[in-house]
Amino acid sequence: MLGYAIASTAPAITVPNMLYANENGYGKKKGIGSTVIAAVSFDNIHCIIAFGIVRTISESNAAIASGKD
């Protein structure tokens, strides 16, 4: 579970840097900045969903192991 918390990308750092690079013309021709921003959003959604699934599975396994429903 800790891996999903560490693996998520911080939009507060990535988005301003990509906007800055885009304003200065870096990757503007191929649209790299907007692609990276979209990828960061998708990555964060994936990490949130996967974290929730792993947490649910681990909690249900703990309840089964202790004999509680």
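Points to keep in mind about this one:
- Close Cβ contacts (under 6 Å, 6 or more residues apart or on different chains) running from residues in region 2-31 that are β-branched (V, I, T) to residues that are surrounded by 12 or more Cβ atoms within 10 Å (Cβ to Cβ) comprise T9/V40; T9/D43; T14/V40; V15/I37.
- Region 33-51, subset without any contact (Cβ under 8 Å) to a residue 12 or more places away in the chain and surrounded by 12 or more Cβ atoms within 10 Å (Cβ to Cβ), residue farthest from G3 (Cα to Cα): T35
- Checking each residue in region 1-32 for being crowded, with 16+ Cβ neighbours inside 10 Å and part of a helix (DSSP H, G or I) picks out Y4, T14, V15, M18, N22.
Rule-based calculations on the coordinates, nothing more; no lab input. As the structure is a prediction and not an experimental result, all values here were calculated from the model. A quick note on method: Cβ atoms are made from the backbone with ideal geometry, for glycine too, and the neighbour counts reach across all protein chains shown.
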